[in-house]
Every structure is written in C-alpha cells, then in structure tokens.
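Here's the structure, in structure tokens; my notes come after.
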Amino acid sequence: MTTSSTSASISLVRRQAVDATLADVRRLTAQGVPDRATLSAITARLEQLAAQKALFSRADFPPPAETRGVGASTRYRLNPDDGDGGLALYLNSINPGKTTAPHNHTTWAVIVAVEGQEVNHIYERTDDRSNPHHAHIHLAREFTVQPGAPIAFLPDDIHSIAVVGTEPTLHFHLYGQPLETLTGRVAIDPDTGEVKNYNAAYFRPSEAVA
C-alpha cells in the first residue's frame, strides 16, 4: 500500500470514528443543556476516541511553528462540515509555555488528552456581575489535563490554561457550539478584574480537517 493510500485510509477511519463519537454525544445531549452527570458520560465517550491514537498523529496534526504568544496554538476543526450549527470538535496542538487569560465559554466544554499536559486553573467568580467591564475572581483549584485525566466545564465556568512539559499537546476540545460563534464569552484579568471580549481579543481561526 502506498503512502498516499495509507493516509487516505487513515483519514477515512478517522472521519468514521469522529462521526460515530459525535452521533453518540448528540444522543447524550438530546434533552438540552447537559448537567455535570451528562458531561461525565460525554467525557467517557471522548476518551474512547482519544484511545485511538494512531488516528491522531503529530504528522497529521503538527504543532505550530510559533512557540510564543497567540500563534503558539493550532486548533484543528474535526467536523467542519457541520458548520456553525451544533457540536464542534477540535484537536488542539499547543506548544509548551503557551498560556491563556481566564475565560468562560458560554457553552459546555469537554477536554480530553491524546498526548501532552495542560494545567487548568479553575476560578470562582465572586462579584454580583452587575458591571460588564469588571469582575472579581479567585483561583479555586488546579488540574492537569493529560492522558487519562480529562476535564469538563459548564457554560459559566471560568478557567485558564498553561501548557507544561517538553512536548506540544494533542487535546480534544469538544463544545456545544463552535468557538467561532461564541461571540459573548469573556476574558478576565485576575489581578485588575478587567473584562474583555475573548474572541475579539484573542481568537484565531481554526484549521478545517476534511
């Protein structure tokens, strides 16, 4: 079998595996916005996909050339044909040292690792949310996402990430809606409390995977 035919075969199997996973997630979310119990079931299903490591190689999903700043992260959209409606599954390849500002998603999210380590800082918001330009948050806990150690978030949960170790990540990020459509999510400066629109300040387009 030639290299090109092998690559095409892997691509087809990967497409089938992704489609089957998302079909199961749609069944799990058919009753509306998931609660934490449903997110746990979604996480378990996504971990099954992550176990198929041969379908998600660094050769097919290379890390970005940039090692600092916004460009140190590449986000691959694994179900681009679904467009802006419904679920969005991404495979993120992020270089060590990359961090983000604390932010919410305004939809539920599940993060599962194929390779690499990502420290998540989980915050609690303690103000009354009456000022759209200012918030008060404090660090509640830290959790390292790595193979076998996933994390899930409800729409209003707030977290930031820091990629650690020596290797780029390959992590699934599954959202109830595409990130490109989440124009109301915010970033919060933990020191000053300044609130910014996250997509306007930090968002870069995803790479579509056929």
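The values are calculated or read from the model by the stated rules, or taken from the named source; none is laboratory data. Everything quoted here is computed from the prediction, not taken from an experiment. Cβ placement follows ideal geometry from the backbone for every residue including glycine, while neighbour counts extend to all protein chains displayed. In case anyone asks, the SASA skips ligands and DNA or RNA and just uses the protein heavy atoms, side chains included. Shrake-Rupley method; radii C 1.70, N 1.55, O 1.52, S 1.80 Å.
For an R0 of 25 angstrom, estimate the FRET efficiency from the Cβ-Cβ distance between Ala41 and Asp81 and round to the nearest 0.05.
For R0 = 25 Å, the calculated efficiency reads 0.50.
Can you work out the FRET efficiency for the pair Val119 and Gln16, with r the C-beta to C-beta distance and R0 = 41 Å, to the nearest 0.05?
Details: r = 33 Å, r/R0 = 0.81.
E(calc), rounded to 0.05, equals 0.80.
Sorting check: for 183-193, 97-107, which peptide has the highest mean count of neighbouring beta carbons within 10 Å, and how do the rest follow? Present the calculation step by step, with values, prior to reporting the outcome.
Details: 183-193: 15.0, 97-107: 19.1.
Highest to lowest by the protection proxy: 97-107, 183-193.
With the dipole of the chain worked out from charges on the C-beta (+1 for Lys and Arg, -1 for Asp and Glu) around the Cα centre, which of His173, Gln16, Asn199 lies farthest toward the positive end?
Gln16
For the chain, take N as its residue count and report Rg(C-alpha) divided by 2.2 N^0.38 Å.
That ratio works out to 1.02.
Using only Cα atoms, find the angle between the long axis of helix 3-28 and the longest principal axis of the chain, and express it within 0 to 90 degrees, rounded to the nearest 10.
50
What angle do you read, to the nearest 10 degrees and between 0 and 90, between the alpha-carbon axis of helix 36-50 and the longest principal axis of the chain?
That helix lies at roughly 30 degrees to the long axis.
Taking a probe of 1.4 Å, how large is the accessible area per residue of the stretch 25-167, in Å²?
Values: 6790 Å² over 143 residues.
Value for the stretch 25-167: 47 Å² per residue.
Need one value: the accessible area of Ser40 in square angstrom, 1.4 angstrom probe, rounded to the nearest 10.
That residue has around 70 Å² of solvent-accessible surface.
Quickly estimate the mean residue ellipticity at 222 nm for the chain, helices only: each DSSP H run with n ≥ 4 gives -39500 (n - 2.57), and the total goes over all residues, rounded to 500.
The helix contribution divided over the chain gives -7000 deg cm²/dmol.
Near Asn79, within a Cβ-to-Cβ distance under 12 Å, what is the net charge of the other residues, with Lys and Arg +1 and Asp and Glu -1?
Values: positive: Arg14, Arg15, Arg26, Arg77; negative: Asp19, Asp81, Asp82, Asp84.
My count for the surroundings of Asn79 gives 0.
Taking all protein chains as present, what is the carbon and sulfur share of the accessible area of the chain, in % to the nearest whole number, probe 1.4 Å?
51
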